[in-house]
1. As I understand it, the value is the acute angle between the Cα axis of helix 94-105 and the longest principal axis of the Cα atoms of the chain; what does it come to in degrees, rounded to 10?
2. At Gln170 and Val137, where each label point lies 7 Å from the Cα along Cα→Cβ, what is the point-to-point distance in nanometres?
3. Leaving ligands, DNA and RNA out of it, rank Ser8, Ser160 by accessible area with a 1.4 Å probe, largest first.
4. Quick one: ranking Glu159, Glu70 by accessible area, 1.4 Å probe, largest first, what do you get?
5. With a 1.4 Å probe and all protein chains left in place, how much of the accessible area of the range 91-138 comes from carbon and sulfur atoms, in whole percent?
6. Using per-residue counts of other Cβ atoms within 10 Å, averaged over each peptide, order 72-85, 47-60 from highest down.
7. What order do you get for 86-92, 29-35 when each peptide is scored by the mean count of other beta carbon atoms within 10 Å, highest first?
8. Accessible area per residue, 1.4 Å probe, Å², for the range 104-216: what's the number?
Amino acid sequence: SAVVSAGSTAGIVATGKLRLRAQQGVLRPAIAVALPTLPTPTILLDAGANAEVKPEMLVQFAHLGAAYAETALRIEDPRIGLLTIGSEPGKGNKLVKRAHELLSAAPGLNFTGNVEGHDLLTGIVNVIVTDGFTGNVALKTMEGSVRYAFTELRGTIQESPVARVGGMLQRGRIRRLQRRLDPEVHGGAVLLGLNGTVVIAHGASQATGVSAACAL
């Protein structure tokens, strides 16, 4: 009924397209990742299936992301944002500018405009659309930043007896935050646009990550 893989992303995307086929009208499937924003997750797609895309594909990604947000997260009329280098409509390369025009005119989408990299974890929109190259870089940058921040935090807590006491007092909250931001807990990403269910787990997944991907 479903496929879960922590192997080669390119391999599972190609196999999914070959064996399951794209849904009618879908040009390319897209990898959708749920970012740990509050109060509800934000869907980022494409996160790595398509390094090079056309503006029309970004519009389809928006439809796929909106449908997933409505179905999986129970978000009514999800807000759509286009990832680029500025919030103004004219910001970005030719691909982004044309995609902005198409998204603005697309029926059935609640397109709110451009979003920037610093908006990824703010929850300002429910769905963030981008090409697979940019989305994958953004996702891995966030993962690395989170690991760095918690490494620094652990070092800071150990600097002095007072800091260690403060860390012990906040231990529960720190663990909850770490769990919310841990990719292992979220399991993986869903490959949208196919006639079947495919979940792509993180390549470095341990047992917890694979189990979470199966439950996704």
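1. So the inclination is approximately 80 degrees.
2. In this crude label model, Gln170 to Val137 measures out at 3.3 nm.
3. From most exposed to least exposed: Ser8, Ser160.
4. Glu159, Glu70
5. On the range 91-138, the fraction of accessible area on carbon and sulfur atoms equals 56 percent.
6. 47-60, 72-85
7. Top to bottom by mean Cβ count within 10 Å: 29-35, 86-92.
8. Counting only protein heavy atoms, the per-residue value for the range 104-216 is 57 Å².
The values are calculated or read from the model by the stated rules, or taken from the named source; none is laboratory data. Being a predicted model, the structure only gives us computed values, none of them experimental. Quick reminder, even Gly has a Cβ in these numbers, built from the backbone with ideal geometry, and neighbours come from all protein chains shown. All accessible areas refer to the heavy atoms of the entire protein, side chains included, with ligands and DNA or RNA removed. Shrake-Rupley method; radii C 1.70, N 1.55, O 1.52, S 1.80 Å.
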